[in-house]
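> Sending over a structure as structure tokens; questions will come in a sec.
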Amino acid sequence: MVNRSRCSRQGRVAKYCTRSVKLITNRAIKKCLFIAASMAITMPALSAENCTFQFDNGETLRMPVARTLEQQSAGLRNVEPDAIAAGLAFVWSEPNFRFVWTRDAPALSVAWLDHNGVVLSVQELPANSSEMYSSAAPAMAVLELAPGGFSRLGISPGSRVVSSSCLRLAP
């Protein structure tokens, strides 16, 4: 025989817990959106640190590095055209799946590099898109250039960085 008062009480607890989780989740989402909106209003300047990437085809890129979370979040949004032409590098100490988007940013050409400096993929991203684009495998760096920048330089999937001033390449 089922104890109806116990089942009823368990049902109320489950409903309360579900509602509480939804409230916590909604608060967390609102807080994240507030932080993102705040960062969009006060964009940090691009890093003064520059990094060089020398590729196996002889091409060398010299670009600013986004080191801080604010710089990485801002990317190339709301920057001068000269900054877009120079590009931007995102470099991490550990490989992981990396994501980029172009919300409030111009169209970009993006290359993902693995721990050996090998270009995993190159993608042309549209301007002002909320769609997230991911590396095909764990990446150590993401390089952003103006649209078509990598193809003009002859850099494609399989190209390799042979030396870099900021990317620690595996031996």
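The values are calculated or read from the model by the stated rules, or taken from the named source; none is laboratory data. Nothing here was measured: the structure is a model prediction, and the numbers come from that model. Please note: Cβ atoms are built from the backbone with ideal geometry, for glycine as well, and neighbour counts cover all protein chains shown. Heavy atoms of the whole protein, side chains included, go into the accessibility calculation; ligands, DNA and RNA do not. Shrake-Rupley method; radii C 1.70, N 1.55, O 1.52, S 1.80 Å.
> Do any residues in region 58-79 that are open to solvent by 60 Å² or more (accessible area, probe 1.4 Å) have Cβ atoms under 9 Å from those of residues that are outside any loop (DSSP other than H, G, I, E, B) and among the aromatic types (Phe, Trp, Tyr), where the two are at least six apart or on different chains, and which pairs are they?
Glu59/Phe53; Thr60/Phe53; Arg62/Phe53; Arg67/Phe90
> Which of (1) open to solvent by less than 60 Å² (accessible area, probe 1.4 Å); (2) farther than 13 Å from Gly75 by Cβ; (3) not in a loop (DSSP other than H, G, I, E, B) is the odd one out, the single condition Ser151 does not satisfy?
Checking Ser151 against (1) open to solvent by less than 60 Å² (accessible area, probe 1.4 Å); (2) farther than 13 Å from Gly75 by Cβ; (3) not in a loop (DSSP other than H, G, I, E, B), the one that fails is (1).
> Regarding Ser93, is this residue surrounded by fewer than 18 Cβ atoms within 10 Å (Cβ to Cβ) and of a type in the set (S, T, N, Q)? Steps first, please.
Working: surrounded by fewer than 18 Cβ atoms within 10 Å (Cβ to Cβ): yes; of a type in the set (S, T, N, Q): yes.
For Ser93, the condition - surrounded by fewer than 18 Cβ atoms within 10 Å (Cβ to Cβ) and of a type in the set (S, T, N, Q) - is met.
> If you don't mind, another one. Glu144 - would you say it is among the acidic types (Asp, Glu), at negative phi, at pLDDT 90 or above and open to solvent by less than 60 Å² (accessible area, probe 1.4 Å)?
yes
> When region 102-128 is examined, which residues are found to be without any contact (Cβ under 8 Å) to a residue 40 or more places away in the chain, assigned to a loop (DSSP other than H, G, I, E, B) and surrounded by fewer than 16 Cβ atoms within 10 Å (Cβ to Cβ)? I'd like the intermediate steps shown before the answer.
As a first pass, look at region 102-128 and keep what is without any contact (Cβ under 8 Å) to a residue 40 or more places away in the chain: 102-103, 105, 108, 110, 112, 114, 120-128.
Subsequent filtering for residues that are assigned to a loop (DSSP other than H, G, I, E, B) retains 102-103, 105, 114, 126-128.
Selection gives Arg103, Pro126, Ala127, Asn128.
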